[in-house]
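A quick write-up on the structure given underneath.
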Amino acid sequence: MALDLASLPDVTALTVGILGGTGDQGRGLAYRLALAGQHVLIGSRSAERAAAAAGELASAGRVEGGSNAEIAGWSDVVIVAVPYAGHAELLTELAPLLADKIIVDCVNPLGFDKQGPYALAVAEGSAAQQAEKLLPNSRVTAAFHHVSAELLADPSVQSVELDVLVLGDDREAVAVVQALAGRIAGMRGVHAGRLRNAGQIEAFTANLIAINKRYKVHAGVRVTDL
């Protein structure tokens, strides 16, 4: 069966908030989504820092900043792009504000030592499953793990040629995230299974980092025959 992009929902009117949006990954996603015409909100522990980051991206489109709590309340879809070390604490704090919203967890629990990156053990199985446990009233998905922050933020890159693997148990929420990914030039959103399979998706980022270091590239993932 071919990937039927035409059947995905219209997401143009949705407001997308990014928790941790002043980090490299968050800023890159904010830039690309704003460039595609999405209304984007950047969140940070510091509302002032978020506002400054939004100002720097204003030329891309409609981008605003605020505290993580403000952005959680104002957004229709919330991307979680914070460091894993602060993941559980932030989601626990914001759980009431994130109720009934679509959550896109793109956190990669990784460690680094002299041998390079490696996957950290997560009691729940993955960062996304941890989010699901902490946000029982939200619609949790996992996506955007394998997207180079450098490519996203580079205005000279016209098209980010890769597939975004989207996982989740709520099919409608997954379709929304697929559609959001597809708004970014060059990307496709591919439904890649249930949330219980997020662990290996997050861990594979360590392999991509190793590939990038070895070959001096910004590698991504493309699903063939689809």
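Any chance you could check the Cα centroid distance between the range 195-226 and the range 12-87 for me, in angstrom?
If we compute the Cα centre of each part, the gap is 24 Å.
Give me the percent of DSSP beta bridges within the range 42-120 that run antiparallel, rounded to the nearest 5.
The answer is about 35 percent antiparallel.
Semi-axes of the equivalent ellipsoid of the range 27-97: what are they in whole Å, largest first, if each equals the square root of 5 times a C-alpha gyration tensor eigenvalue?
Over the Cα atoms of the range 27-97, the semi-axes work out to 21, 12, 11 Å.
Write down Rg/Rh for the range 171-226, rounded to two decimals, with Rg from the C-alpha atoms and Rh from the Kirkwood relation over Cα pairs.
Expressed as Rg/Rh, it is 1.01.
For Lys133, go through the aspartates and glutamates and keep the ones whose alpha-carbon is under 12 Å away, minus same-chain ones fewer than eight residues off.
Cα-Cα hits under 12 Å: Glu124.
Compute the projected area of the convex hull of the Cα atoms of the range 44-178, averaged over all viewing directions, and report it in nm² to one decimal place.
Answer in nm², one decimal: 9.5.
Using 0.36 nm per residue, how much length does the chain from Ala149 to Asn212 gain when fully extended, once their Cα-Cα distance is taken away?
Full extension of this stretch gives 21.4 nm more.
What net charge is computed for the residues neighbouring His146, neighbours being all others with C-beta under 12 Å from the C-beta of His146, Lys and Arg scored +1, Asp and Glu -1?
For residues surrounding His146, the net value is -1.
Might you tell me the accessible area per residue for the range 1-104, computed with a 1.4 Å probe and given in Å²?
45
Would you mind working out the accessible area per residue for the range 142-202, using a 1.4 Å probe, and quoting it in Å²?
That works out to 38 Å² per residue.
What is the Å³ per residue value for the convex hull set by the Cα atoms of the chain?
Dividing the Cα hull volume of the chain by its residues yields 119 Å³.
In what sequence, largest accessible area first, do Ser138, Ser156 appear using a 1.4 Å probe?
Ser156, Ser138
If a/c stays under 1.5 just call it rounded; otherwise compare a/b with b/c (prolate if a/b is bigger, oblate if not). Do that for the range 63-135, with a ≥ b ≥ c from the square roots of the Cα gyration tensor eigenvalues.
Because a/c hits 1.5 or more and a/b exceeds b/c, the range 63-135 counts as prolate.
Taking a cut-off of 21 Å between Cα atoms, list the lysines near Lys216, but don't count ones fewer than 8 places away on the same chain.
In chain and number order, the partners are Lys114.
For the chain, which whole-number percentage of the solvent-accessible area (1.4 Å probe, protein heavy atoms only) is attributable to carbon and sulfur atoms?
Ligands and nucleic acids excluded, carbon and sulfur reach 51 percent.
Which value in deg cm²/dmol, rounded to the nearest 500, describes the helix-derived mean residue ellipticity at 222 nm for the chain, given -39,500 (n - 2.57) per DSSP H run of n ≥ 4 and division by the residue count?
Result for the chain: -11000 deg cm²/dmol, rounded to the nearest 500.
Work out Dmax and Rg for the range 106-206 from the C-alpha atoms and quote the Rg first, both in angstrom.
Computed over the Cα atoms of the range 106-206, radius of gyration and Dmax are 14.2, 42 Å.
The values are calculated or read from the model by the stated rules, or taken from the named source; none is laboratory data. Remember, predicted model here, so these are calculated numbers, not experimental data. With ideal geometry, Cβ positions are generated from the backbone for all residues, glycine too; neighbour counts draw on all protein chains shown. Calculation scope for accessible area: heavy atoms of the full protein, side chains included, ligands and nucleic acids excluded. Shrake-Rupley method; radii C 1.70, N 1.55, O 1.52, S 1.80 Å.
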